[in-house]
Amino acid sequence: METTTPKGANRILFMNTLAFTVCFAAWMLNGVLVTFLTSNQVFNWSVTEIGWLMGIPVLTGAIFRLPAGILTDKYGGKPIFAALLVLCAVPMFLLSMANSYATFALASFGFGLAGVSFSIGIAYTSVWFPKERQGVALGIFGAGNAGAALTTLLGPSLLNYFTDNGANLEGWRKLPMVYAATLVIMAVVFFLTTTNKKPKSSTKTLRQQLQPLKKMQVWRFGLYYFLVFGCFVAFSQWLVPYFVNVYYLPLVTAGILAALFSFPSGVIRALGGWMSDYFGGRKVMYWVLGASVLIS
């Protein structure tokens, strides 16, 4: 028998998805910003250094996802998500003051925490929906990764505007400020419009919360996630510099092409969630993996 969805669940889902979209857009910033800075010789970084600057935020988001998920289970999604948004705004703002590779890397490490919004949002969304509707709900939430498309689509145009089309290159510093302000505004709106809710497991000890790590199934699904989502994030970061450096496209054009990759993958997640509810997550996942192998 279908369980009734709690009142306010759809509002929570909307706010979760919106906050995740903002976080994902911030998380993917370096793909556009670093490409702009190096193309215009604001900083003379090597290919290796550029790679690290693009990878550092992603690594931060991956490493701290488990602690963020544990905290969400313990205290609920509202305070943790709101705190994350404010916390990420600080290094994002400091990025606007960076004048060296080290300071740029440290700020990137800080705002890379925006990547843990995925585990927070997943946990917070799940407690509001019954099992038979979680596929659709989490699919809608996951559509927030279209935030990558927003950054690649709007970021280059904003940089051109802030720098007067390259006449005042120091204007690039306004872009991290805009992102920082957006994160703070999102934090305030999120905190004022959501209701906290903890899972039944919130009373478990840390040892009990980590028990699933003993199951091989958890690690296996983690590998699947690494392959599909990891590749998506990598392409979201690297497509812009790839188009600029290999095909010599203008940054705005490269951003549009990269957005064409990121946006559909976000939209189709809702369909994937519905299919998982209807056919079963394992079956749909194998269909997706099989289709990906055939298409590629």
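The values are calculated or read from the model by the stated rules, or taken from the named source; none is laboratory data. All figures in this text were calculated on a predicted structure; none of them were measured in a lab. When we count neighbours, we look across all protein chains shown, and the Cβ atoms used for this are built from the backbone with ideal geometry, even at glycine. Ligands, DNA and RNA are excluded from the accessible area calculation, which covers all protein heavy atoms including side chains. Shrake-Rupley method; radii C 1.70, N 1.55, O 1.52, S 1.80 Å.
Of note:
- Some residue of the stretch 125-132 being under 30 Å from VAL252 (Cα atoms), out of contact with any Leu (no Cβ under 6 Å at 6 or more places or on another chain) and of a type outside the set (A, V, I, L, M, F, W, C): no
- Inside the stretch 146-184, residues that are among the basic types (Lys, Arg) and crowded, with 21+ Cβ neighbours inside 10 Å make up a count of 0.
- Single residue of the stretch 108-119 satisfying the filter (open to solvent by 20 Å² or more (accessible area, probe 1.4 Å), within 12 Å of the chain's Cα centre (by Cα) and among the hydrophobic types (A, V, I, L, M, F, W, C)) that is nearest to MET177 (Cα to Cα): LEU113
- Long-range neighbours under 6 Å by Cβ, at least six apart or interchain, first residue more than 17 Å from GLY31 (Cα to Cα) and acidic (Asp, Glu) within the stretch 167-184, second at pLDDT below 95 and crowded, with 17+ Cβ neighbours inside 10 Å: none
- Flag if LYS78 is farther than 16 Å from GLY144 by Cβ, among the charged types (D, E, K, R) and at pLDDT 95 or above: yes
- Qualifying helices (runs of 4 or more DSSP H) (wholly inside the stretch 12-104; at least 1 residues being without any contact (Cβ under 8 Å) to a residue 60 or more places away in the chain, open to solvent by less than 30 Å² (accessible area, probe 1.4 Å) and out of contact with any helix residue (DSSP H, G or I) (no Cβ under 6 Å at 6 or more places or on another chain)): 47-63
- Residues of the stretch 254-280 that are modelled with pLDDT of 85 or more, in contact with a Gly (Cβ under 7 Å, 6 or more places away or on another chain) and not hydrophobic (A, V, I, L, M, F, W, C): GLY255, GLY272, GLY273, SER276, ASP277.
- Subset tally (residues that are open to solvent by 40 Å² or more (accessible area, probe 1.4 Å) and under 12 Å from TRP128 (Cβ atoms)) for the stretch 1-11: 6
- In the stretch 262-296, residue most open to solvent (accessible area, probe 1.4 Å) [restricted to those that are in contact (Cβ under 8 Å) with a residue 40 or more places away in the chain, within 18 Å of LEU150 (Cα to Cα) and not β-branched (Val, Ile, Thr)]: PHE263
- Residue within the stretch 181-190 that is more than 17 Å from the chain's Cα centre (by Cα) and farther than 30 Å from GLY55 by Cβ present: yes
- Breaking point among (1) open to solvent by less than 30 Å² (accessible area, probe 1.4 Å); (2) touching a Leu at 6+ places or on another chain (Cβ under 9 Å); (3) modelled with pLDDT of 95 or more, for GLY139: (3)
- The lone criterion from (1) more than 18 Å from the chain's Cα centre (by Cα); (2) part of a helix (DSSP H, G or I); (3) of a type outside the set (A, V, I, L, M, F, W, C) left unmet by THR5 is number (2).
- Every residue from the stretch 190-212 that is open to solvent by 60 Å² or more (accessible area, probe 1.4 Å) and either of a type in the set (Ser, Thr, Tyr) or under 22 Å from GLY110 (Cβ atoms) (or both): PHE191, THR195, THR203, THR205
- Any chance ILE122 is open to solvent by 50 Å² or more (accessible area, probe 1.4 Å) and part of a helix (DSSP H, G or I): no
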